[in-house]
Amino acid sequence: MPNSQIPPRFDAKCVVITGAGAGIGRATALRFARAGARVIATDMKQDRLNTVQAELPGTGHAIVAGDITLSDTIERIMQVAGAVDILINNAGIMDAFLPAAELDDAMWDKVMTVNLTAPMRLTRAVLPGMLARGNGAIVNVTSEAGLRGSIAGAAYTTSKHGLIGLTRSTAFMYGPSGVRCNAVAPGAVETSIEAPFNSALAAARIGPIMQATMPSAAKPDQLAASICWLASDETSNINGVILPCDGGWSVV
Ligand SMILES: NC(=O)c1ccc[n+]([C@@H]2O[C@H](COP(=O)([O-])OP(=O)(O)OC[C@H]3O[C@@H](n4cnc5c(N)ncnc54)[C@H](O)[C@@H]3O)[C@@H](O)[C@H]2O)c1
């Protein structure tokens with residue numbers, strides 16, 4: 001096999017993946033496990049985790065069921081994982097495409113807590129160990145909506161822009177200490193994420209742009225490949241990058 005076709009290896013590395021029960025997170029968990037990693041798969045849906053656990057090749061993997069916005073869940077993840085080499089902040093939810101004037105506090109708070117606060121808390125939890133070992137990689141799953149304002153509602157758009165800020169700050173602060181932090185920005189991906197258009201304004205403003213410009217949806221494993229690559233030693237000189245994985249949508 002030519003070198004360019006040999007996927008990165010993660011033998012004996014411990015990787016924590018949030019939202020690993022479905023979609024991009026599930027595909028990422030499977031890809032890491034195939035590449036030799038010890039996977040800690042976490043999700044709020046126990047039944048999904050049970051299925052993923054049965055699918056994971058290799059041994060030593062674990063699942064942690066719980067809402068990632070609760071500190072108890074993060075504590076249990078850290079206990080089960082031990083030393084975390086790689087963190088994939090993937091879990092996320094949509095916002096029904098609600099513009100600012102149509103948002104209520106509950107939607108705003110929920111989206112911000114799942115998509116932005118939880119990744120910050122998990123990042124904060126894994127950093128001391130990574131810094132003590134002088135090595136670590138964090139990959140955040142942001143979105144095309146983190147790059148511009150025409151893809152989702154106000155809460156989701158803000159949360160994904162915020163996750164890019166967290167990525168850049170973490171990369172800048174800890175890169176010299178051996179911890180890299182990068183992000184992927186998916187376009188449309190074939191997953192179970194719920195994205196109802198609950199706003200007539202959003203349908204009128206965003207709908208035509210999507211119809212005219214959006215490439216066909218990616219498969220979750222295409223995202224998993226980019227995530228694993230950014231977490232691997234092959235990208236040891238890449239830090240603070242936001243990588244669009246969108247079939248070129250971001251250049252339209
Ligand atoms: N699917 C797309 O088109 C798309 C596009 C851009 C970005 N993204 C991002 O990709 C990431 C993964 O999304 P997906 O499309 O695979 O979604 P998905 O709904 O298929 O999977 C997400 C998983 O996260 C879990 N989850 C949600 N909230 C949680 C919480 N509070 N605690 C623990 N687990 C929770 C869900 O149970 C689910 O299993 C998200 O951050 C999403 O914003 C997706």
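The values are calculated or read from the model by the stated rules, or taken from the named source; none is laboratory data. Given the structure is predicted, the values throughout are model-derived calculations rather than measurements. Here the Cβ positions follow ideal geometry from the backbone for every residue, glycine too, while neighbour counts run over all protein chains shown. To get the accessible areas, we keep the full protein, side chains included, count just its heavy atoms, and leave off ligands, DNA and RNA. Shrake-Rupley method; radii C 1.70, N 1.55, O 1.52, S 1.80 Å.
A few comments on the model shown:
- Computed lengthening from Arg76 to Lys45, 0.36 nm per intervening residue step minus Cα-Cα distance: 9.6 nm
- Total charge dipole magnitude, the chain, about the Cα centre, Cβ charges on Lys, Arg, Asp, Glu only, Debye to nearest 20: 580 debye
- Judged by the mean number of other Cβ atoms found within 10 Å, the most tightly packed of the peptides 94-107, 10-23 leads the ranking 10-23, 94-107.
- Once both labels are positioned 7 Å from their Cα atoms along Cα-to-Cβ, the gap between Glu55 and Ser150 label points is 3.4 nm.
- Listed by chain and number, the aspartates and glutamates placed with their C-alpha closer than 17 angstrom to that of Lys45 are Glu55, Asp67, Asp72, Glu194; residues fewer than eight positions away on the same chain are left out.
- Based on DSSP H segments of at least four residues, each scored -39500 (n - 2.57), the chain has a per-residue ellipticity at 222 nm of -13000 deg cm²/dmol.
- Rounded to the nearest 0.05, the FRET efficiency derived from the C-beta distance between Ala12 and Arg205 at R0 = 51 Å is 0.55.
- Here the label points at Ser236 and Arg124, each 7 Å from Cα along the C-beta direction, are separated by 3.2 nm in the simple model.
- Legend: helices of the chain (whole DSSP H runs) are marked when their alpha-carbon atoms reach 18 angstrom or more along the helix axis and their mean Kyte-Doolittle hydropathy is at least -0.5; marked are 118-133, 154-174, 200-213.
- Accessible solvent surface per residue of the stretch 31-99, calculated while the other protein chains remain in place, 1.4 angstrom probe, Å²: 42 Å²
- For the chain: Kirkwood Rh in Å [reciprocal of mean 1/r, alpha carbons]: 18.2 Å
- Carbon/sulfur fraction of accessible area - the chain, other protein chains in place, 1.4 Å, %: 55 percent
- Take every pair of alpha-carbon atoms less than 8 Å apart whose residues are at least six positions apart; their mean separation over the length of the stretch 8-244 yields a relative contact order of 22 percent.
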